[in-house]
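Presented below is the structure to which this report refers.
The values are calculated or read from the model by the stated rules, or taken from the named source; none is laboratory data. Fair warning: this is a prediction, and the values are worked out from it, not measured in the lab. Heads up, the Cβs are rebuilt from the backbone with ideal geometry, glycines too, and the neighbour counts pull from every protein chain shown.
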Amino acid sequence: MYSTRIVYNMSKEVSRREFIAGTVGAVSAYTITSNPNSSVRFINSVTNKFIDKNSINISLFQTSKVSQMNKDIHNSNMYVLNLCKEIISQELTNLQSTVDMPISINLSNHIIPSDIIDKTSMEKAFSSWESYFVNNISDEEKSLNANLLISDIPEIVETKGLGQFPCSCRNHAPISLLLNIKPLVWSNMTKLYTEKSHVFSSSSELFTTSTLLHEIGHNLGLTHDMGYAKYDKEQKIIKSSPMLSSYIYEDNMKGIENYFGDEILNIDEYDNIIVKYEPSFNPKINYEHIQYDII
Ligand SMILES: [Zn+2]
């Protein structure tokens, strides 16, 4: 019997993170390139449209409050979903690949009522999304790799997002939840990826983007130690990639070798340092690291 594996970003719960770290190795993995003809059977709850082991399929959903915020600001309720799609699509396309892996990102028109989300805790908020996903989202709207709900939950401030690893422990594809999308509602690709001053002035945009990629990354099977943190001598800042993110401050990440054998710097050795949450994955991650739910 498996427990539900939920990975918290920004969580202070050490014991939970250790539990997750201990279970990562047990996640059932399907490696695309080394085992292309595997007879792995994919989960039943998705339609044929999404049962395609030769592509990455992601669905993005939004709550009614986010939809309304988009309408008020941009006159288009899909603005932030489109921006998130562009970010994810660009960053997954930039990863190294030895195979041709089309990326399909489906923007759902199904608006999730904000009031179905229990905002009293992260666990309850996540469970609300999970039960709505299982009971109210049609198979055609679901994706095999990732199903992210973009929300605006100001009541919960400590944690910014959470996402499930792929596994053989559920009857549905991995889901994730992103809280407080607000910093991205006023942003765009140019601001996120080309404005240098933005590193210092609008870090919430970068952190939100990093968290978006972090949770999608978990749904795809990526782990914290696939990230990196480096000191940029020119800019005199530390750059932390999305999978490592704020875990750069956690003792078990300081100065260790990451998944690829690269050293994650020890942030304690730097005084008053600015950390930039990079909006791009570690380029050493490639499509062979992506896992699928199996039963
Ligand atoms: Zn995480």
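Worth a mention:
- Taken together, ILE216, ILE237, ILE274, ILE267 contain a single residue that is more than 16 Å from the ligand (Cβ to nearest atom), modelled with pLDDT of 95 or more and within 21 Å of LYS160 (Cβ to Cβ), which is ILE267.
- Segment 277-286: number of residues that are out of contact with any Phe, Trp or Tyr (no Cβ under 6 Å at 6 or more places or on another chain) and surrounded by 20 or more Cβ atoms within 10 Å (Cβ to Cβ): 4
- When SER245 is tested against (1) in contact with a strand residue (DSSP E or B) (Cβ under 7 Å, 6 or more places away or on another chain); (2) on the phi < 0 side of the Ramachandran plot; (3) touching a residue at least 60 places away in the same chain (Cβ under 8 Å), exactly one condition is not met: (2).
- Given (1) modelled with pLDDT under 95; (2) within 21 Å of GLN291 (Cα to Cα); (3) surrounded by 23 or more Cβ atoms within 10 Å (Cβ to Cβ), number of the condition ASN147 does not satisfy: (1)
- Residue that is surrounded by the fewest Cβ atoms within 10 Å (Cβ to Cβ), among those in segment 223-276 that are small (Gly, Ala, Ser) and over 19 Å from the mean Cα position of the chain (by Cα): GLY261
- Test set (1) farther than 29 Å from LYS142 by Cβ; (2) more than 15 Å from the ligand (Cβ to nearest atom); (3) touching a strand residue (DSSP E or B) at 6+ places or on another chain (Cβ under 9 Å); (4) β-branched (Val, Ile, Thr) - THR190 fails condition number: (3)
- In segment 160-169, the residue that is surrounded by the most Cβ atoms within 10 Å (Cβ to Cβ) out of those that are part of a loop (DSSP other than H, G, I, E, B) and in contact with a Lys or Arg (Cβ under 9 Å, 6 or more places away or on another chain) is PHE165.
- Breaking point among (1) small (Gly, Ala, Ser); (2) under 30 Å from ILE73 (Cβ atoms); (3) within 16 Å of the ligand (Cβ to nearest atom), for GLY227: (2)
- Yes/no for LEU144 being touching a residue at least 12 places away in the same chain (Cβ under 8 Å) and part of a loop (DSSP other than H, G, I, E, B): yes
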